[in-house]
């Protein structure tokens, strides 16, 4: 799963770059005159805040933002495949998150590059962050009389101007000295275009080993010493190492996680019952956004809640049954974070089913 990761402030031209990049990539592989180093045409998989149902307002809620970062990471891991080129169009303004995605690519021994969309400073508000400059602070220098800004197309923009200002202050600009921020292709809004040459350079970042083999295996093809070293460095950089490689989850880790997660969920459920026992609210959620994912406990009636509240030992009995059923199952998750989400959802589904029989 070679990854092209976008980063940049809202309205910096990321989507336009992606549209042009996808077109250029398809044109490259469709043109028989282009000597592709690949024996196949990669599938281009595009993800964005819009396709992943991540609203702009979520960037003002730390918990929701953390959840959405997990969503991006999960989707990216799902699409792991040598024959896929994955493009992720989001703000990705936190360097620690860019590092996580870089490490994921490294663990799968796949290519990676960063595309940085640099916003034009057209007015006082947008000068908050351009390139390497942070000219205004959050001390009230910016004019904040308007509720929204207007996008380039003349339509009211969906991004609140105060949120854009906050994001500008929080934005951690890519630093090419960091391996997770390089190679970095920079595009200044409304000035830089995605050219054929840039597409080839991006493909070299995504498939360095294939480019090396292609040149070496074709008579008449030549490669400078500098270019050869560059491809070698790119290939070596994305080779998994023991320090970053995901370790398999042991049985002890799994059982401990199974017990801790189910216990923590029951604790929160008991607290919720204490408040909602006599209400008409029949749905227990850990997070509001979990509704779309089917991650909740649904009660058939208020009477079921009252029975549980009067006898919490039922919850402990169901927990023991759940652990007994799941402790011998083979898990496909490669890390404890994704495992936690899976266990929570499975336990909630298990409780919903059993509560219907109370």
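Here region 237-262 is the region considered, the condition is being modelled with pLDDT of 80 or more and over 30 Å from residue 324 (Cα atoms), and the residue that is surrounded by the fewest Cβ atoms within 10 Å (Cβ to Cβ) is 237. Could you run through region 91-103 and say how many residues are in contact with a strand residue (DSSP E or B) (Cβ under 8 Å, 6 or more places away or on another chain) and over 14 Å from residue 172 (Cα atoms)? Adding up the residues that qualify gives 2. One residue stands out among those in region 36-49 that are at pLDDT below 95 and outside any strand (DSSP E or B): the one that is surrounded by the most Cβ atoms within 10 Å (Cβ to Cβ), which is 42.
Residue 111 fulfils the conditions (1) surrounded by fewer than 22 Cβ atoms within 10 Å (Cβ to Cβ); (2) over 30 Å from residue 159 (Cα atoms) except for a single criterion, (1).
State which residue is surrounded by the most Cβ atoms within 10 Å (Cβ to Cβ) when the search covers only region 208-236 and only residues that are modelled with pLDDT of 80 or more and touching a helix residue (DSSP H, G or I) at 6+ places or on another chain (Cβ under 6 Å). Here the residue is 211.
Conditions tested, residue by residue: (1) closer than 30 Å to residue 77 by Cβ; (2) assigned to a helix (DSSP H, G or I); (3) modelled with pLDDT of 90 or more; (4) assigned by TED's automatic domain parsing to the domain that holds residue 62.
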| site | (1), (2), (3), (4) |
| --- | --- |
| 102 | yes, yes, yes, yes |
| 117 | yes, no, yes, yes |
| 127 | no, yes, no, yes |
| 140 | no, no, no, yes |
| 146 | no, no, no, yes |
| 153 | no, no, no, yes |
| 158 | yes, no, no, yes |
| 169 | no, yes, yes, yes |
| 175 | yes, no, yes, yes |
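The values are calculated or read from the model by the stated rules, or taken from the named source; none is laboratory data. Model, not experiment: these values are computed from the prediction. Ideal geometry is used to build each Cβ from the backbone, glycine not excepted, and the neighbour counts take in all protein chains shown.
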